[in-house]
Amino acid sequence: MDEALLRSLTPGVLGILVRRGADFAAAEDAVQDALVEAVRVWPEDPPRDPKGWLVTVAWRRFLDATRSDAARRRREEVVDEEPVPVSGVDDTLQLYFLCAHPSLTPSSAVALTLRAVGGLTTRQIARAYLVPEATMAQRISRAKRTVSGVRLDQAGDAATVLRVLYLVFNEGYSGEVDLAAEAIRLTRQVAASLDHPEVAGLLALMLIHHARRASRTAPDGSLVPLAEQDRGRWDTALIAEGVGILQAALARDQLGEFQAQAAIAALHADAPTAGETDWVQIVEWYDELVRLTDSPVVRLNRAVAVGEADGPRAGLAALAELDDTLPRHTAVAAYLHERDGDLEKAARLYVEAAEKAPNLAEVDHLTRQAARLNTRH
Amino acid sequence: MAKYLLLKHYRGGPEPVCTVPMDQWTPDEISAHIQYMRDFATRLEGSGEFVDGQALAPGGTFVRYDGEGRPPVTDGPFAETKDLIAGWMVIDVDSYERALELAGELSAAPGQGGKPLHEWLELRPFLTEPPTITE
């Protein structure tokens, strides 16, 4: 049984049912039933047209489930106004727009996308986000209810879809499913059906970061900073693919924040050693990013890059212009003061930064930095 | 999508508004208080924001490793101990603002006379996994 095939067919099948007029929640249940049936039947009797098979079975399940008179009347009405069949690619894309609908909260949009487009089970999603299965089931069914009145013929907002995929990639940790890999798979699917430079930018960004993932943590789970990573462990094929996608996107001259972020990631990936990083160009890309997003976090990252390009004093000057309550502000200050030679102040700031760090790996990392300066001989 | 711990304290928080101990309330007032918290948890399950919740017994012991053999145990928490946790609830919400809102609601559980208890709740974020994209 090819689970990957099944999961790649799921959104298209679901899209067709919804387009035919099925309520989103009922359609989703019917597709899940069809998938279970496929797992049971296909090993013995593989269909010639897997997608057609799934649509037929899922549609039959949907009809069975809505057999009451009222439902039948409603169904006959919707069948009457059934639009001209469209390609499966379009249905899938519409489904992405639906799952990322602005009426959903970010966590609901993420859960619904993984379930309806990604084909993951509720249990898998619950485990990935470390919440009880019942909680995740409620989150998904609420999300389904929220979008059930939304027609699939409305043009969706690509930015919200990209935001959801970015969240899946960035915030998910690996449970039984690798959410980063899942985000890449889904983004590839969107990129195949939506011609938009920012989709390409996001895909490139994900590929380049994913390529360096193995080198980001030591075997004991501790963080390895970019400068100390073993660049021999970077996946060069994935980086090359990401850079190729990025260059094609940049050539279209419609810059957006994901392309700019990917360009920065590409410059890091391109350096044979940390010392050969082109920090001057990275600062230029951060200037673009500041122009595009005006995000304080981007300005903070820019201060780090300035510190590398023009020296720690310049970095500290850039940092001084920013609100010191920003996340990681203290960590950046500690690093720049260390590079500037003020080791006592740096050690003190590392301790302070560790107290504010949002995740355990960073807490440990910053505490080690402080300890390294405090115990030097 | 961030997890927060809501900590209820028997004592150890800022000065409480209501200082009448629960054993001085009427049984109905106690039932109303407990029901409020159950309803709160049920509602959070429905909204997909509930992770976990447990109540803790007031008694407990301190345990320490002291070499091979049975570890020494002493009674505790001690009378002079500042902090004593009554229970917790873990929520998973979209924003810090939402976490504050929910903590405020939980703190409004009814006390004596059915009026909100105005109980102080400690709100603490969980440490997470590092994000994939950092630079």
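The values are calculated or read from the model by the stated rules, or taken from the named source; none is laboratory data. All of these numbers come straight from a predicted model, not from anything done at the bench. Neighbour counts are summed over all protein chains in view; Cβ atoms, including those assigned to glycine, are modelled from backbone coordinates with ideal geometry. Areas reflect the complete protein model, heavy atoms only, side chains present, ligands, DNA and RNA absent. Shrake-Rupley method; radii C 1.70, N 1.55, O 1.52, S 1.80 Å.
Some observations on this one:
- The stretch A:119-145, subset within 21 Å of the chain's Cα centre (by Cα) and of a type in the set (D, E, K, R), residue nearest to the other protein chains (Cβ to nearest Cβ): A:ARG139
- Filter result for A:THR330 (within 14 Å of another protein chain (Cβ to nearest Cβ), of a type in the set (Val, Ile, Thr), assigned to a helix (DSSP H, G or I) and surrounded by 15 or more Cβ atoms within 10 Å (Cβ to Cβ)): no
- Count of the stretch A:1-48 residues which are free of Cβ contacts under 8 Å to residues at least 40 places away in the same chain and part of a loop (DSSP other than H, G, I, E, B): 6
- Evaluation of A:PRO83 against (1) open to solvent by 60 Å² or more (accessible area, probe 1.4 Å); (2) over 23 Å from A:THR121 (Cβ atoms); (3) modelled with pLDDT under 85; (4) assigned to a loop (DSSP other than H, G, I, E, B) (one fails), failing number: (1)
- For the stretch A:205-248, a residue qualifies if it is in contact with an Asp or Glu (Cβ under 8 Å, 6 or more places away or on another chain), touching a residue at least 60 places away in the same chain (Cβ under 8 Å) and surrounded by 14 or more Cβ atoms within 10 Å (Cβ to Cβ), and exactly one does: A:LEU223.
- Scanning the stretch B:109-135 for residues that are within 14 Å of another protein chain (Cβ to nearest Cβ) and either among the charged types (D, E, K, R) or part of a helix (DSSP H, G or I) (or both) turns up B:ARG124, B:GLU129, B:GLU135.
- Failed condition for A:LEU93, given (1) within 14 Å of chain B (Cβ to nearest Cβ); (2) buried (at least 17 other Cβ atoms within 10 Å of the Cβ): (1)
- Some residue of the stretch A:51-60 being away from chain B (no Cβ under 14 Å), at pLDDT 90 or above, in a helix (DSSP H, G or I) and under 17 Å from the mean Cα position of the chain (by Cα): no
- Pairs with Cβ under 9 Å, 6+ apart, first in the stretch B:4-17 and without any contact (Cβ under 8 Å) to a residue 60 or more places away in the chain, second open to solvent by 100 Å² or more (accessible area, probe 1.4 Å): B:GLU15/B:TRP120
- Test: residue in the stretch A:263-275 that is over 13 Å from B:ILE133 (Cβ atoms), outside any helix (DSSP H, G or I) and within 14 Å of chain B (Cβ to nearest Cβ): yes
- The number of residues in the stretch B:1-23 being within 14 Å of another protein chain (Cβ to nearest Cβ) and assigned to a strand (DSSP E or B) comes to 4.
- The listed residue being part of a helix (DSSP H, G or I), open to solvent by less than 80 Å² (accessible area, probe 1.4 Å), closer than 22 Å to B:TYR4 by Cβ and without any contact (Cβ under 8 Å) to a residue 60 or more places away in the chain, out of A:ALA347, A:ALA354: A:ALA354
- The criterion of at least 2 residues that are without any contact (Cβ under 8 Å) to a residue 60 or more places away in the chain, under 17 Å from the mean Cα position of the chain (by Cα) and buried (at least 18 other Cβ atoms within 10 Å of the Cβ) is met by the following strands (runs of 3 or more DSSP E) wholly inside the stretch B:24-108: B:50-55.
- The one condition in (1) touching a Phe, Trp or Tyr at 6+ places or on another chain (Cβ under 8 Å); (2) of a type in the set (Val, Ile, Thr); (3) away from every other protein chain (no Cβ under 14 Å) that A:ILE245 fails to fulfil: (1)
- Filter pass, A:ASP157 being more than 11 Å from chain B (Cβ to nearest Cβ), touching a residue at least 12 places away in the same chain (Cβ under 8 Å), open to solvent by 20 Å² or more (accessible area, probe 1.4 Å) and on the phi < 0 side of the Ramachandran plot: yes
- Residue within the stretch A:227-240 that is part of a loop (DSSP other than H, G, I, E, B), over 25 Å from B:ALA2 (Cβ atoms) and out of contact with any helix residue (DSSP H, G or I) (no Cβ under 7 Å at 6 or more places or on another chain) present: no
- Every residue from the stretch A:114-142 that is of a type in the set (Ser, Thr, Tyr), more than 16 Å from B:ASP94 (Cα to Cα) and touching a residue at least 24 places away in the same chain (Cβ under 8 Å): A:SER141
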